[in-house]
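Taken together, the values in this text are just the output of simple stated rules run on the coordinates, not laboratory data. Remember, it's a predicted structure, so these values are computed and weren't measured experimentally. Virtual Cβ from ideal backbone geometry, glycine too; neighbours counted across all protein chains shown.
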Amino acid sequence: MIARNFLWLSVAQAAILVVGLFAGIYARRVLGPVAIGQYSWCVAVLTYFFLLANPKIGVIALRDVARQPGLAARRFSQILAVELSLALVAFSLVCMLAAIGLRGPTISHLLILSAIALLFVPLDITWLLQAHDRMAPPAICQVVVKILTLPALVLFVREPADVTRYVWLAYPFQLGAIAYLCWYARRHRLLGWTEVRPTFSGGWPLIKEAVPLGVSQGATNLYGNFDAILLGFLSSDRIVGIYSTAYSLMMIPWFLSAALTQAYFPRLSRLHDNERQSAILTSDFLTFHVWLGISLAALGWAFGRHVIVFLYGQGFAESGPLLEWLSIDLALAFFSAAVGQPLNAWGLQRKFVQVTLVGAVVNVALNFILIPRFGVWGAVVTTLLAEGLVGVGCLWVRRRHVRILWWGITAKPLFICFTAALIGRYLASAFPGQWLISAMSVACGILAAFWVSERKGFVALLHRMRGVAESPSGDHDGVAPLTEQSGRSS
């Protein structure tokens, strides 16, 4: 089940990545750094209002419905009432912020227009389908929406003045996606629509459970985009556009971590009382994450500046060096997600939020110190420091809750990918005209090293994910977990 879910999610997210990449290339080449900076600043600000409208109640509902499917109608009724009220409050606050006009009329107009998306939050039932292990329908729906949006983007967005069209183009397609998912849930009887009655009854306990997740996400946002918000006040829209371009391109591979987390979350929730099985499952979860995260970080650090110019042109060349060093954040973020996200599935979200809050506080403090002095490079440094601190904090929490032999899993990919990054950096500087061939060669080398060092454990992992190697008693027919084999071989 996990393998199938991860496959659907990964393929869908890869398709979304490709289509979104083309859309981003077109938008940046047409709109330019200034308009992109204005749009990115508004998106960064709105992330906090989205948390107000959606304090992660859907994650709690997903967990509950995965354990007890009969709770679906009740949880959706509560989500409708609570999140719709919160969305209206969030939209009103955005309008008030826009009326103040801190950054001029253009930014205020974009803020209000972008905030309309807040009103769609309560209608998204993706969590319901995921709770029933129906990962394919919402994934395919997202792909279709992205594909249909692309020709509309080319048709209606032609110059920097069309940045407002760039915002509202997404809304008709989002409404269509919501309608399809609701129809799917009704057709497959995942939700008894006659039982849905928006109610606040029982909503407060849900909010109390979800608040740590929302606060954790808010803290993550602080060390993810507060730097862009501060740059908007201390610098120009162009600098915000340069930085946000590097940051957003660095974050594209994050869909792999998100897909892994969504695929593993239901099963992690069901195994919350079985420490041995949880340890095995989370070790596999970490193994996938570290190989992916460190490999991507190595490639980004070695070839980032060439990728930026190739995709967006010389107008965004300043984003290249920023992307190279921001890519290190991928390794840190994949690691901290792999160690920390299982805590949410086990009902230990308060522990996770404490760690992310510490990272957020340190990040904000360092932003106020470093960005005024070092500008955009101060933002890069604070991002890396905050993510590293979160990873250390997650390890500290896991020492008390389902320990994990993280160094035995991490050491080998770290050494291999660090070596590959140095080789790639040399090849990119020595043969700049052949950087793409060099990048493909380095990527193939990392893939070959992974297969040579982990092939036995990887095959065993695939068997466990399919349920082939798992016996009713929970034994694994003598097949050691991937992490144990990694530890011995290292």
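Quick one, can you get me the convex hull of the C-alpha atoms of the chain expressed as volume per residue in Å³?
141 Å³
Taking the stretch 260-369 on its own, what percent of its Cα-Cα pair distances exceed 23 Å?
46 percent
Quick one: Cα convex hull volume of the stretch 60-149, Å³ per residue?
Once divided by residue count, the hull of the stretch 60-149 is 102 Å³.
Using the Cα centre of the chain as the reference point, and only Cβ charges (+1 on K/R, -1 on D/E), how large is the resulting charge dipole? Debye, rounded to the nearest 20.
Dipole magnitude for the chain comes out near 620 debye.
Using only Cα atoms, figure out Rg for the stretch 305-382 and give it as a multiple of 2.2 N^0.38 Å.
1.41
Considering only A210, V163, L93, whose Cα is most displaced toward the positive end of the charge dipole of the chain, charges sitting on Cβ of Lys, Arg (+1) and Asp, Glu (-1)?
The residue sitting farthest along the positive end of the dipole is A210.
S92 label point, 7 Å along Cα→Cβ, cut-off 18 Å on backbone N: hits in the stretch 184-212?
200
Across 5 Å bins from 0, what is the distribution of all Cα-Cα pair distances for the stretch 186-243, in whole percents?
Over the stretch 186-243, the share of Cα pairs per 5 Å bin runs 4, 14, 12, 10, 11, 11, 10, 9, 9, 8, 2 percent.
Sorting check: for 249-256, 301-308, 99-106, which peptide has the highest mean count of neighbouring beta carbons within 10 Å, and how do the rest follow?
301-308, 249-256, 99-106
For A99 and R455, compute 0.36 nm times the residue count separating them, minus their Cα-Cα distance, and round to one decimal in nm.
Value of the extension gain: 122.3 nm.
So how much slack lies between S85 and F368, counting 0.36 nm per residue of separation and subtracting their Cα-Cα distance, in nm?
98.5 nm
For T419 and S441 in the same chain, what is the full-extension length gain: residue separation times 0.36 nm, less their Cα-Cα distance, in nm?
Here the answer is 6.6 nm.
Taking other Cβ within 10 Å of each residue's Cβ, how do S85, S235 sort, fewest first?
Neighbour counts put them in this order, fewest first: S85, S235.
With unit charges on the beta carbon (Lys/Arg positive, Asp/Glu negative), name the residue among P33, A302, L414 whose Cα is farthest towards the positive pole of the charge dipole of the chain.
L414
What are the membrane-span-like helices in the chain by this rule: whole DSSP H runs, Cα extent along the axis at least 24 Å, mean Kyte-Doolittle hydropathy at least 0.5?
TM-like helix candidates: 2-53, 72-100, 136-156, 203-234, 275-312, 328-345, 349-374, 376-398, 406-430, 435-466.
Tell me the label-point distance for the pair W193, L119, using the 7 Å Cα-to-Cβ offset, in nm and rounded to one decimal.
If labels sit at W193 and L119, their model points lie 2.1 nm apart.
State the answer as a single residue: which of I16, F50, I79 lies farthest towards the positive end of the charge dipole of the stretch 1-159, with beta carbon charges of +1 for Lys and Arg and -1 for Asp and Glu, about the Cα centre.
Value: I16.
Summarise the long-distance tail of P(r) for the stretch 275-325 by giving the % of C-alpha pairs beyond 14 Å.
Everything past 14 Å amounts to 61 percent.
Of all the C-alpha pairs in the stretch 1-201, what % are more than 32 Å from each other?
That fraction is 22 percent.
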